[in-house]
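Below is one structure, written out as structure tokens, with a few remarks after it.
The values are calculated or read from the model by the stated rules, or taken from the named source; none is laboratory data. Computed from a prediction, not measured in an experiment: that's the story for all the values here. Reconstructed Cβ throughout: ideal geometry from the backbone, glycine too, with neighbour counts over all protein chains shown. The protein model used for the area step is the full one, side chains on, heavy atoms only, and it has no ligands, DNA or RNA in it. Shrake-Rupley method; radii C 1.70, N 1.55, O 1.52, S 1.80 Å.
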Amino acid sequence: VAGPVTEVPPEIARLQVGGTDLEREEEPKPPPAPPYALIGLNPGAPMTTGKAAAQCGHAAHLLLRARGAWPGLRVRVVEADEWSRTVAEADVVVRDGGFTEVAPGTMTAVARLVV
């Protein structure tokens, strides 16, 4: 339930997304064993960590509804030269409503099931 940040129970507070910038790993971890959900964030739509987390959540939910459950998950910011191919291979796309950080209709994330 929405409420003042100062009144968040301790069990919930530690689940909050921290920081304002989503940093890239220099050495990405290997993907999990298939099947897994692959969520790609749009490199042309800069987002804070919280916004990116929300977009990943939307993508995961849409993928679950479209393809069913999967045991693993990988999230990555797609390289600019890979974005078109990533979109073409996606099972679902997330287009933002434009109420916060990005323009309305911006494709912020895509997801596909890797089998």
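In table form, for the structure just shown:
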item: Looking only at region 85-115, and only at residues there that are of a type in the set (D, E, K, R) and in a loop (DSSP other than H, G, I, E, B), the one that is most open to solvent (accessible area, probe 1.4 Å); result: E101
item: Residue check, E82 part of a helix (DSSP H, G or I), out of contact with any His (no Cβ under 6 Å at 6 or more places or on another chain) and of a type in the set (D, E); result: yes
item: Count of residues meeting criterion [within 14 Å of the chain's Cα centre (by Cα) and not acidic (D, E)] in region 88-105; result: 5
item: Test: residue in region 24-47 that is in contact with a Leu (Cβ under 9 Å, 6 or more places away or on another chain), of a type outside the set (D, E, K, R), in a loop (DSSP other than H, G, I, E, B) and buried (at least 19 other Cβ atoms within 10 Å of the Cβ); result: yes
item: Flag for E79 being modelled with pLDDT under 95 and more than 24 Å from P30 (Cα to Cα); result: no
